[in-house]
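What follows draws every value from the coordinates through simple rules; no lab data is involved. What you see is a predicted model; the values in this text were computed from it and never measured. When we count neighbours, we look across all protein chains shown, and the Cβ atoms used for this are built from the backbone with ideal geometry, even at glycine.
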Amino acid sequence: MVEVREETPLLSTAESSLGQVVDQRRVQELPSFGGSPMVLVQLAPGVINSTDMRLAKAGSFSINKNSQFSTDGAGTYNNEFTLDGVSNTQAQGTSGRVGFIPPQTSVSEFKVQTASYDASVSHTVGSLVNVSTRSGGNDVHGEAYWWLRNAAFDTPNLFQNRVGQKLPVYQDNRYGFWLGGPVYLPKLYNGRNKTFWFYNWEANTFGIPQSFTSSVPTERMRNGDLSELLALGASYQLFDPLTTTAVANGRFQRQPIPNNVIPASRIDGIARNILKYYPLPNQAGTRDARNNYFSTGKALEETWVHLIRLDHAFTQNHRAFVRLSKDFWQEDKNRVFTTGANGIILNRQNEGLTVDDVIVVNPSFLVNFRYGLTYANFTEYRQSRGFDLGTLGFSPSFTRLVSRDRATFPNIQLGSFTQLSNWETGDGGNYSTTHNAAATITKLRGNHSIRFGGDFRVYRENQGRFPLAVSPQLAYSSTYVRGPLDNAAAQQVGGEFASFLLGIPAG
């Protein structure tokens, strides 16, 4: 009788860390919705995904999604990332975010160390994710691929069919190729068994459906007639700032604007021009002119990735490689209105360099030198960049303060009405650089492996939107149109818009 038994050891005696190795076969064959190898970190015990990673893609599109997982309860953004042994962690902020995400087709294997007590691993209370890229071989191999998802191939579900609802428009095209082999220059150099190259290029274009419910001024409001608000109650009464007079106890008093109608002669010219960038309502909305405009569209996404690696064997005991990577991502989204006043364009670009040198001095003594550079920039532009502020009526003395190529449509804040030309919260103008130099010496002595060395890093971060876009930010309040006393409660709706028509900004 032959009995075969496999048991998982309760104690690892070979190394001082626990984790999961994902080999090349699994990386290439396991399904991935977006093409990012980082989603496979969830194969490791103790790793919990805390966000929707279905759209986790290679390149710069999904840095947050690919980084937002927790290991053994350590919390999100507390993990360290390395690529070919050097730091691949961005220097932005205090959270650990992956810098460069290679395409799945360029990954040889990666390891997730979930509980590491190795002295060479630090900078994290969570896990260490080390990705190794592929290299070329003695024969030329390659592959071209195209992954397509389109709403035309999808079928509405039971509930959508019942109400006649159409599927959102969605197209996703991910395509690329890789090639690898020996360096061969006819009559000059034959790199078989010595020098190898590998190159991977991938691009992804897709759209994400967007829908917006907005609040825009009615046609009567644009002409200064806010009388329809009075039907909602006396608290909507507007007061004339030109009638302000001092009264007792240091207070100020104003007279009501008759029937809440601002005379056409008092409507500010710049306000009239700005109103042209608000569309008219296209649905009923509420009685106080909220949620009266609905629009649909899609965020346009485009990303591409380059990765090239060159390996060389100087001798049987001396090998080195150089890897260069570059990716670019652009997102054009939030075009709430078709007038061109809204919409932002996000750009993210990463560049990386790795140099690795391994010298086997003798069978029991090994030296490894590594250097890595990770650079990332994350810029944000308003879609209206290059806008001529003079067309709104601003004076030449003002428009000369802003370079035309950086000028954008002003950010207009009108209380309950949808903003024009607003920023994406938290984005824009972030730049980070990480330098990493390390040396490791390994000595085998009997049954023991002794390893020592050093790891040196420089993290540099700066941020600022000023070089990207400059334009006025005009916010309006009800301060000067409330009454009858200046300390009266503000109108629920209409006060900010009345100040806008009168040309009285709050800041």
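Brief remarks follow.
- Dipole-positive endmost among Ser295, Ala115, Thr89 within the chain (Cβ charges, Cα centre): Ser295
- Residues in the range 141-164 reached by a label modelled at Thr205 [backbone nitrogen below 16 Å; 7 Å Cα→Cβ]: 146-151
- With the simple spin-label model, which puts each label point 7 Å out from Cα in the Cβ direction, the Asn193 to Ser132 separation comes to 2.3 nm.
- The mean sequence separation of alpha-carbon pairs under 8 Å and at least six residues apart, normalised by the residue count of the chain, gives a relative contact order of 13 percent.
- Spin-label model distance (nm) - Ile48 vs Val140, 7 Å beyond Cα toward Cβ: 5.1 nm
- Residues Asp405 and Gln171, FRET efficiency given R0 of 51 Å [Cβ-Cβ distance, rounded to 0.05]: 0.95
- Where trypsin sites (Lys or Arg not before Pro) fall in DSSP loop in the range 205-279, at most 14 other Cβ within 10 Å: Arg251, Lys276
- Order of Ile441, Ile257, Ile48, Ile267 - criterion: other Cβ atoms within 10 Å of each residue's Cβ, fewest first: Ile48, Ile441, Ile267, Ile257
- Contour minus Cα-Cα distance for Gln463 and Ala506 (0.36 nm per residue): 12.7 nm
- Point-to-point label distance, Arg149-Gln283, nm (Cα→Cβ direction, 7 Å offset): 2.6 nm
- Label zone at Ala264, where the point sits 7 Å out along the Cα-to-Cβ direction: the range 191-225 residues whose backbone N lies under 11 Å: 223-224
- Exposed loop sites are taken as GluC sites (Glu not before Pro) in a DSSP loop (any state but H, G, I, E or B) with at most 10 other beta carbon atoms within 10 Å; the longest stretch of the chain without one runs 8-507.
- For the range 139-264, the calculated P(r), taken from all Cα-Cα distances in 5 Å bins from zero up to the bin holding the longest distance, is 2, 7, 8, 8, 7, 6, 6, 6, 6, 6, 6, 6, 6, 5, 4, 4, 4, 3, 1, 0, 0 percent.
- Residues listed by number, the range 264-300, amide nitrogen under 14 Å from Ser416 label point at 7 Å toward C-beta: 285-293
- Only helical runs count toward this figure. For the chain, summing -39,500 (n - 2.57) over DSSP H runs of n ≥ 4 and dividing by all residues gives -1500 deg cm²/dmol at 222 nm.
- Rounded FRET efficiency, nearest 0.05, which uses the C-beta distance separating Ala490 from Asn157 and R0 of 51 Å: 0.65
- Computed FRET value (nearest 0.05) for Thr296 with Leu30, which takes r as the C-beta separation and R₀ as 35 Å: 0.50
- Mean Cβ count within 10 Å, highest first, over the residues of peptides 174-181, 360-367: 174-181, 360-367
- Remark: relative contact order (the range 17-133) = 32 percent; criterion is Cα-Cα distance under 8 angstrom and separation of 6 or more residues.
- In a DSSP loop and with at most 14 other Cβ atoms within 10 Å, the chymotrypsin sites (Phe, Trp or Tyr not before Pro) in the range 75-171 are Tyr117.
- Each Lys and Arg Cβ is given +1 and each Asp and Glu Cβ -1; about its Cα centre, the chain then shows a dipole of about 820 debye.
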